[in-house]
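The values are calculated or read from the model by the stated rules, or taken from the named source; none is laboratory data. Computed from a predicted structure; not experimentally measured. Here Cβ is always computed from backbone atoms with ideal geometry, including for glycine, and neighbour counts include all displayed protein chains. Surface accessibility is based on the protein's heavy atoms, side chains included, excluding ligands, DNA and RNA. Shrake-Rupley method; radii C 1.70, N 1.55, O 1.52, S 1.80 Å.
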Amino acid sequence: MADGSPLAAHLGALISKASFDDARLTPGARVDLLSVRARRSAVQRVATALGQESLPPPNACRATILGDCFWLRPDEWLFATVPGGAEAAMKTVEPHLLDDGAVIDVSGSRIILELTGPRTRDVLSSCCPLDLDPSVFEPGRCAQSIIGKVSVLLHLVDATPRWHLFVPPSYVDYVVRWLADGIEGARAEQENALATTPHSSPVRMLP
Amino acid sequence: MLLITCPWCGAREETEFRHGGEGVRVPPDGDDPGWTRLLYYRENPAGPYAERWVHVHGCRQWFHVVRDTTTHQILSTRRLDGQEGAA
Ligand SMILES: [Zn+2]
């Protein structure tokens, strides 16, 4: 943690050893997190205050002036705002809730891991039951699911594909090990494919 | 593996859910046999069964499910308030 990375040193070594060009795992940006509970008319009031037509519908993420906003359940949204920005963000949201909601600083409840590269769908599919096919899981979607046995919020940021995984800090070790395993598998598969392709490097073709 | 359609999140695998037992249970007017029935007896039909499930690793919402106990087919799911699901 000393170098400012949210990952313990042994995990940093583990993920850099496992990562390759087509599936790379890195610590994501640090963020402050806000849980906004809102019901009835408060939902629209908060949306309007943030200059949005509405708050994101189920399993969607939208960029707002307070950072990315994620739908978590029918009356809860999660805001990932800049580090140190929680207090100001709370002051922006709170006046619009009146008696129909609450805003809580939940910074530190989750750490973001970033997973990028063309093979990341295979990596995630090795440990997460979601249907991640591009036809159903497009950029801007988010979903709460499990990696291994741990609840994780997944966000598909762009079509690289680039994923942000919001993981409870005490389970980061566990989740990183699952992902490193998946990355290792994808890399081995690719190396095997290269070794058996007729047009691969001539060095590999020698008996 | 069951594929369960959460009224909010859509089709998800059963590992994201937890089973909550028999669905609609109406408290009796007050007599003891009625309460005994409510607390200790279940319908246990061979066929469609009204249950409650919770999307514990997803949106954390409880909802109604009708499951065929002989085929494990999920016949329908709906929100507790009866409204159409968002998914
Ligand atoms: Zn759900």
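Can you name every residue in segment B:11-58 that is in a helix (DSSP H, G or I) and either within 14 Å of chain A (Cβ to nearest Cβ) or not charged (D, E, K, R) (or both)? Passing the criteria: B:Glu14, B:Thr15, B:Glu16, B:Pro33, B:Gly34, B:Trp35, B:Thr36, B:Leu38, B:Leu39, B:Tyr40.
Residues that are acidic (Asp, Glu) and at pLDDT below 95 do occur in segment A:78-99, at least one of them. A:Pro74 meets the stated requirement of being more than 21 Å from A:Ser19 (Cβ to Cβ) and open to solvent by less than 60 Å² (accessible area, probe 1.4 Å).
Yes/no matrix, rows are residues, columns are (1) more than 14 Å from the ligand (Cβ to nearest atom); (2) in contact (Cβ under 8 Å) with a residue 24 or more places away in the chain; (3) closer than 22 Å to A:Asn59 by Cβ:
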| position | (1), (2), (3) |
| --- | --- |
| B:Leu3 | no, yes, yes |
| B:Cys6 | no, yes, yes |
| B:Glu22 | yes, yes, no |
| B:Asp31 | yes, no, no |
| B:Gly47 | yes, no, no |
| B:Arg52 | no, yes, yes |
| B:Phe63 | no, yes, yes |
| B:Ser76 | yes, no, yes |
| B:Arg79 | no, yes, yes |
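Of the residues screened, A:Phe70 is one that is closer than 25 Å to A:Tyr174 by Cα and in a strand (DSSP E or B). All conditions in (1) at pLDDT below 95; (2) more than 14 Å from chain A (Cβ to nearest Cβ) hold for B:Leu75, with the sole exception of (1). Looking across A:Asp133, A:Asp99, one residue alone is more than 22 Å from A:Arg162 (Cα to Cα), exposed (fewer than 14 other Cβ atoms within 10 Å of the Cβ) and free of Cβ contacts under 8 Å to residues at least 24 places away in the same chain. It is A:Asp99.
Within segment B:1-10, the set of residues being more than 7 Å from chain A (Cβ to nearest Cβ), in a loop (DSSP other than H, G, I, E, B) and within 20 Å of A:Leu153 (Cβ to Cβ) comprises just one member, B:Pro7. For residues that are in a helix (DSSP H, G or I) and out of contact with any strand residue (DSSP E or B) (no Cβ under 6 Å at 6 or more places or on another chain), scanning just segment A:150-173, find the one that is surrounded by the most Cβ atoms within 10 Å (Cβ to Cβ). For segment A:150-173, the residue satisfying everything is A:Asp173. Taking first residues from segment A:13-28 that are part of a helix (DSSP H, G or I) and partners that are of a type in the set (Asp, Glu) and open to solvent by 30 Å² or more (accessible area, probe 1.4 Å), the Cβ contacts under 7 Å between residues at least 6 apart in sequence or on separate chains come to A:Ala18/A:Glu184.
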